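What follows is a single structure, written as structure tokens, with notes after it.
Each value in this text was obtained by applying a stated rule to the coordinates, not by laboratory testing. None of the values given here were measured: they were computed from a predicted structure. Cβ coordinates were reconstructed from backbone atoms using ideal geometry, including for glycine residues, and neighbour counts include every protein chain displayed.
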Ligand SMILES: Cc1ncc(COP(=O)(O)O)c(C=O)c1O
Ligand SMILES: Cc1ncc(COP(=O)(O)O)c(C=O)c1O
Ligand code: FES
Ligand code: FES
């Protein structure tokens, strides 16, 4: 009953894909400092495939681990697969998160989606707006009374 | 900080003057079984001197010790001395009683007084009623809601 | 008479078992962090807490999350009653049913609730000290929010038909609390099978440490904290957890439950031998049902004597016993439990409770019989209200 | 970097001292009766209880009868506030003054009292984390029944001018309570000289056992029980006394007070060395007054990072620390204490509390500085909100 699973601690201690991609094809940032969590994901996309993914995170252990795991899960994958990555899948890959930390995995899912939206926008690709999060009206932030 | 002083325990364990005086010159009984304390004191009086005193007590440790000490204090004494024995004197002689047990010493004082009153009554001696307790209207019993 | 030392006041408190001490010591030395701390010392403490919680829950037949650790039985009783009362009040239900011979932790809380506008019905416990499920059913009103009946009485040891009372309450949709402080570790318990919604326990009654206990609260009942503050115990009881004591409680409960059948089988014949022996004293009356009682409880009233002097003289003979319950020993009033089973004041004053430990021997039982018999006879000999 | 283990979370809980363990063990083995029992085992326990009470009272400068033993600091705070509030209400006085950075045991109790119709004024604690007696005086109204100001804050360690606040209250005829949980055993205390009417303490903050504490209540103030039941603690706190823990608390307090001057003199320069070292980190800000703080408390906010990840990485380096207080670590919201001293949300998330033990060494201080400096730099390097 440690706070976090071994996998979370491993990804927290040794985060994969930390950093910035200069000239990224898509960048997504979610969260805000008032909530204590900001996640920024950078994607390099070639031929509809994610050839590289990096992240920067300001946040708790599970936010860092979620970013690390989420970037691992989409690297080398087609964009359509990345779009299908849910926060649930991230939680499972991490062997679970404490209840009050589930929102960190949501941030990771949203950061990926926003980065992909950014990629579509920049490249003039059409998409269904409803699959993307609307961080302006995020209920999570409201819940914290920020 | 044992419950009772050494003196109390000594008089409780080895009560002096336990018993009945047949043909006593005065007998006093106070308390009632509902309160858990009854004290009965028997006096033999010769020439205005208490030549013998005995008691029977139904009650707690300090009631038994108070009876023992009180009878000791009046044996061989003139009646006037016995009348002057206060519950405070009994408590002091016992090296103290716990606060909630002070009433036991009051019973001893009252039992002596009632025995002396009985002696006066039987021998037609005049006395001041006010110095004797009125057990019928005892506030102590009322306090216990009996 | 040879001299022995017999501790026969286990209903007041038990000696802590070596296993419980060991568990506490290990915890104090190795898991000394605060279970709420994130660092490894804290998480180690959190693991020890979860382990103890799981083991205690298993012994009661509940889930770990259904336990709130408290500072003992009194706190558990207070929180259960106040919490359910306030839930009831929110729904306009301000009637509570309990019994006339509950522990003061229950009765005094009820008295306070009465001052706050609740109505309390105290059920008759009869001469045998047993409440009937039918009377519980008959007392339930549309505005009843809680029934609280103790599992076993602390003075006279009688065991209540908890499962049946629980069923009556479940059928009526009324929550059911039982003060099981005297039962846990001594009688079989399964809160689910017995239809119990809330249950109080206290470790020092089953050879665990003092100052710790628990309240079981069935899932879905949200009880307000009695002690407000930090978010410990899922927000239902604030204060840094008394981890060493909780771990000691788990060890003691495991031990007690592992030996429950064995100890019960040992104790019952010894208890009955003691009852038979003391019954031979003239004008002695057993308090409470002769059979439906705790395996270690023997309670008598002896006419013509007063309990305290009996206790003190027994103490001189090496016997630790009590008259009524320990926590009322400062009071001059006779036990409310004995009055509740119909003893008159005069007789209630002459009470003696012997609560046996599981290791008591036949020789000790015989010594108890002899010592009590002699002491009662002596006190009667100096009593003005007794004539043979 | 060589590897060390440094427990720097003494404000959350302290390791129990060997002297306290010994005292508890002796008590559990030799005075295992119930202090309310009349027999010799009980009276031996009662004597041990009286001895511990007398020693603790002497350390606080009060009389033994002015102490109520509780299950810890939270219970003491709850009872003090609820008790005085209800005394006040009986006289039509339903206004309470406290501060914005009290422990949740105080703040949540006040919130509950507000729901019951009391009005609460929370004083500003300023950027330095110190309340002024003048502001207390200005806040007192004719209907004020209680002022409650903590002695030392548990997160940022600032020490309040307790004696002066006490004087202001005494002059105005208002009762004064102080939550001294972080102060007892660490700062000099004399309740009479400091005009304190009620004081809460908790043993596990000064190397005593968990699950025990006390409430000092000045003679003449009759506080209703929070836990109803038996007549323990002169009717003001029911439940079998946690005697081994109380005896352990007395031993720990004696030890702490005997070494108070020595430890204070040792710790202050080490604390200041740590503050100086951490102040060299860019965009680091010390929380609370630099001097008027507990000898062992160091609290910082580091911009651009979040506290939990800092803690976990420090834990990997052998350092047990905390961010905010232990009992709110389950919460996602930033510390109310840091918000109260004016830290904005973004910055409040990046907080670190190091609470030193009296045996910390200079070498350890330097290790702490190095480890924190490196870890903050690393976390900033992966943070999107930080650009060097
Ligand atoms: C200032 C303060 N008050 C109250 C408490 C509560 O004490 P306890 O955990 O013993 O209930 C604490 C510590 O947790 C504290 O630091
Ligand atoms: C039936 C019963 N309920 C409650 C209590 C109170 O338990 P504690 O002393 O642990 O608060 C006791 C024992 O004292 C008890 O026997
Ligand atoms: S957490 Fe604030 S963006 Fe949702
Ligand atoms: S005690 Fe009843 S006569 Fe006074």
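Mean residue ellipticity, 222 nm, helices only, chain C: the sum of -39500 (n - 2.57) across DSSP H runs of n ≥ 4, divided by residue count and rounded to 500, is -13000 deg cm²/dmol. Set the Cα radius of gyration of the protein assembly as shown against 2.2 N^0.38 Å, with N its number of residues, and you get 1.09. Among A:39, B:9, D:28, D:4, sorting on how many other beta-carbon atoms sit within 10 Å of each Cβ, with the fewest leading, yields D:4, B:9, D:28, A:39. Any idea how far the Cα center of the stretch D:161-209 sits from the one of the stretch D:25-85, in Å? For the stretch D:161-209 versus the stretch D:25-85, the Cα centre distance is 19 Å. Compared with the dominant Cα axis of chain C, that is its longest principal axis, helix C:40-60 is turned about 50°. For the stretch A:6-129, the alpha-carbon coordinates run over 39, 29, 27 Å along the three principal axes, in decreasing order.
Using only Cα atoms and rounding to the nearest 10 degrees, what angle (0 to 90) does helix C:307-316 make with the longest principal axis of chain C? Once rounded, the angle reads 90 degrees. Counting from the shortest, the label point at residue D:359, 7 Å from Cα toward Cβ, is 3.5 nm from the same position in each remaining copy. Across the identical copies, the label point of residue A:121 (7 Å from Cα in the Cβ direction) is separated from its matches by 10.8 nm, in order from shortest. Counting from the shortest, the label point at residue D:381, 7 Å from Cα toward Cβ, is 9.3 nm from the same position in each remaining copy. Treating the angle as unsigned and between 0 and 90°, give the value, to the nearest 10°, between the Cα long axis of helix D:18-30 and the longest Cα principal axis of chain D. Compared with the principal axis, the helix lies near 30 degrees. How many angstrom lie between the C-alpha centres of the stretch A:2-38 and the stretch A:42-70? Cα centroid to Cα centroid, the span is 7 Å.
Shape of the stretch C:155-265 from its Cα gyration tensor (a ≥ b ≥ c, root eigenvalues): rounded if a/c is under 1.5, otherwise prolate when a/b > b/c, or oblate? Judged from the Cα gyration tensor, the stretch C:155-265 comes out oblate (a/c at least 1.5, b/c at or above a/b).
Listed from fewest to most Cβ neighbours within 10 Å, the set D:91, B:117 follows the order D:91, B:117.
Separation of the stretch D:261-310 from the stretch B:79-127 is 71 Å, based on Cα centroids.
By Cβ position, the chain C residue that hugs the axis carrying C onto D most closely, with its distance in whole Å, is C:71, 2.
The helix-only estimate of mean residue ellipticity at 222 nm for chain B, built from DSSP H runs of length n ≥ 4 each weighted as -39500 (n - 2.57), is -12000 deg cm²/dmol after division by the residue total. Just check chain C against the gyration tensor rule for me: Cα atoms, a ≥ b ≥ c as the square roots of the eigenvalues, rounded for a/c under 1.5, and otherwise prolate or oblate depending on whether a/b exceeds b/c. Oblate shape, in that a/c is at least 1.5 and b/c is the bigger or equal ratio.
Between A:127, A:119, A:42, the Gaussian network model of chain A with springs among Cα atoms under 10 angstrom shows the greatest mean-square fluctuation at A:127.
Relative contact order of chain D: 22 percent, from C-alpha pairs under 8 Å at least 6 residues apart in sequence.
Of the residues C:373, C:99, the one with the fewest other Cβ atoms within 10 Å heads the list, and the complete ranking is C:373, C:99. Relative contact order of the stretch D:1-149: 18 percent, from C-alpha pairs under 8 Å at least 6 residues apart in sequence. Annotation: the antiparallel percentage among DSSP beta bridges lying fully within the protein assembly as shown is about 65.
Here the relative contact order of chain A, from alpha carbon pairs under 8 Å that lie six or more residues apart, stands at 27 percent. Just to be sure I understand: of the beta bridges DSSP finds with both ends in the stretch C:18-258, what percent are antiparallel, rounded to 5? Just about 40 percent of them are antiparallel. By DSSP, the beta bridges lying fully in the stretch B:1-74 are antiparallel in about 95 percent of cases.
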